[in-house]
Amino acid sequence: MSVALYIVGFPSLYGGAGAELYHQVRVWEALGVTLHFIPTQKNVRKAVLYGEMTERRHVIHDAYDWAAIPEDAPVISFCNEDFLAALPEIRKRTRRTVFVNCMTWLFGKEKEAMSRGDIALFLYQNDQVRQSVMPRLRALNGDPSIRFMTFRPYFDSSAFPYVADRPADWFGAGHISRQDEDKFSKDTWLIYEHFASPVPKRGTFLGFDARSEGKTGKPPDWVETFHDQKSLTQQEFYRRCHIVLQPTDTTENWPRVGFEAMASGSVLIVDKRGGWEQMIEHGRTGWLCESPGDFIAFATKMAWEPHYREDMAAAARERGLALGGLEASQESWRQVFDVIEEL
C-alpha cells in the first residue's frame with residue numbers, strides 16, 4: 001500500500017493512546033504504509049521506543065513540526081489534545097485529518113474542532129461509542145462530508161505470554177489501571193475481603209497511589225500495591241493474578257488490559273458496561289458484574305473451581321486473538337485508508 005501516513009504523537013509501551021498507537025504501527029507496517037511521526041514531546045529522543053522506531057526505519061520529525069506535512073497528506077492522532085489544539089494550523093496543509101478518540105466522552109477541543117469542520121474522519125474502536133457520540137458531534141456540524149468509522153484495533157499478544165502454571169497453594173487477584181480515582185470503586189476492599197478462597201489470597205494492585213487510596217481506603221495487609229510499571233512489570237502482574245478483579249466507576253471504551261489479561265490467562269471479572277460487554281462472553285471468557293455481590297460471587301467461584309477457571313482462561317485467550325488479530329485488523333485498516341483517499 002503506497003501511503004505515507006503522518007502520525008501526531010509517539011508510541012509508548014505503557015498507558016492508553018501511546019500503547020494503542022504502538023500496536024497499530026505493526027498493522028501499518030504489514031500493509032506497507034510509510035510512517036512519519038510528529039511527536040508532541042520535545043525530548044522524544046529519550047523516549048523508550050525512539051531507538052526501535054528509528055531501527056524500523058520510520059521517519060521521526062521534530063516536535064510540533066507541522067511544516068513537515070506535505071499538501072493533503074493524511075494525518076492521524078490517537079487521543080492527543082495537542083493535535084486537537086493544532087488543527088487550525090494543520091488544516092492549512094491538509095484536509096485529510098483523522099482523530100481516534102480512545103475515550104467514551106468528547107474532549108472540549110474535539111467539539112470545537114467539529115464545529116469548525118477541522119476533523120475529516122472520526123475513528124472509533126468500539127461501535128457502541130461511535131453510535132453514542134456521533135449524534136452529539138453531528139449536532140455541532142451537519143456537514144455530510146465529515147465521516148465516522150469503527151475500525152478493528154490490533155493487539156500484539158507476543159509481549160504477554162500465556163501463563164499456565166500459576167501456583168496452586170495461593171490464589172491471586174489483582175487490579176491494573178492508572179492511579180486515577182475513577183478507576184477504582186469505593187467497594188474495592190469490601191469485594192476483596194469478602195470473596196472466599198480455599199487457599200490463602202494474595203492481592204496485587206499495579207497503578208496505585210494516594211489518589212487511589214483516597215477512594216478505596218487503606219489496602220488489606222494481604223494486598224501489595226505498586227505505583228506503576230517501573231515498580232512491577234505488567235507481565236509480572238499477570239503472572240501473579242489468577243483473576244483480574246476490577247470494579248471501577250468508569251465506562252471503558254475498548255480496554256487494552258482486557259487483551260493483556262486474555263493473552264496472559266488471567267480471568268477477567270469486571271463491570272457489565274462499556275467495551276467489556278463486547279469483549280467478554282459472560283460465563284465463558286470472563287464475568288460481567290452489576291453489583292459488589294456479583295464480583296464477590298464470581299471471584300469465589302473462580303477460586304473454588306480451578307478447572308472451570310482454566311477452561312475459561314483458555315477460551316478467553318482464543319477470543320482475544322480473534323478480536324485483536326492481525327488479519328482482521330489489516331482488512332479494517334484497508335477500509336479506513338480507502339475512505340481517507342476519498343476525503
For this session: Check residue 37 against each of (1) surrounded by 19 or more Cβ atoms within 10 Å (Cβ to Cβ); (2) in a loop (DSSP other than H, G, I, E, B) and name the one condition it does not meet.
Result: (2)
Exercise. Within the range 129-139, can you find the residues that are buried (at least 16 other Cβ atoms within 10 Å of the Cβ) and in contact (Cβ under 8 Å) with a residue 24 or more places away in the chain?
Worked result: 129, 133, 137
Exercise. For the range 195-215, which residues satisfy the criterion of being crowded, with 17+ Cβ neighbours inside 10 Å and closer than 17 Å to residue 239 by Cα?
Worked result: 201, 202, 203, 204, 205, 206, 207
Exercise. Given the structure, is residue 296 at pLDDT 95 or above, in contact with a helix residue (DSSP H, G or I) (Cβ under 7 Å, 6 or more places away or on another chain), assigned to a helix (DSSP H, G or I) and of a type in the set (Val, Ile, Thr)?
Worked result: yes
For this session: Identify all residues within the range 157-169 that are charged (D, E, K, R) and either part of a helix (DSSP H, G or I) or crowded, with 17+ Cβ neighbours inside 10 Å (or both); write none if there are none.
Result: 166
Exercise. If you scan the range 2-25, which residues turn out to be crowded, with 17+ Cβ neighbours inside 10 Å, out of contact with any Lys or Arg (no Cβ under 7 Å at 6 or more places or on another chain) and either among the aromatic types (Phe, Trp, Tyr) or not in a loop (DSSP other than H, G, I, E, B) (or both)?
Worked result: 5, 6, 7, 8, 10, 17, 18, 21, 22, 23, 24, 25
Exercise. Is it fair to say residue 152 is among the charged types (D, E, K, R), under 21 Å from residue 251 (Cα atoms) and part of a helix (DSSP H, G or I)?
Worked result: no
Problem set entry | Looking only at the range 296-343, and only at residues there that are over 21 Å from the mean Cα position of the chain (by Cα) and among the hydroxyl-bearing types (Ser, Thr, Tyr), the one that is surrounded by the most Cβ atoms within 10 Å (Cβ to Cβ) | 300
Exercise. Residues of the range 170-202 being over 16 Å from residue 221 (Cα atoms) and not in a loop (DSSP other than H, G, I, E, B), which ones?
Worked result: 176, 181, 182, 183
Problem set entry | Among the candidates 142, 51, residue that is outside any loop (DSSP other than H, G, I, E, B) and of a type outside the set (A, V, I, L, M, F, W, C) | 51
Seminar exercise, completed: With the first residue restricted to the range 100-115 and required to be surrounded by 21 or more Cβ atoms within 10 Å (Cβ to Cβ), and the second required to be at pLDDT 95 or above and in a helix (DSSP H, G or I), Cβ contacts under 6 Å at 6 or more apart or on different chains are 110/84; 113/84; 113/87; 114/137
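The values are calculated or read from the model by the stated rules, or taken from the named source; none is laboratory data. Model, not experiment: these values are computed from the prediction. When we count neighbours, we look across all protein chains shown, and the Cβ atoms used for this are built from the backbone with ideal geometry, even at glycine.
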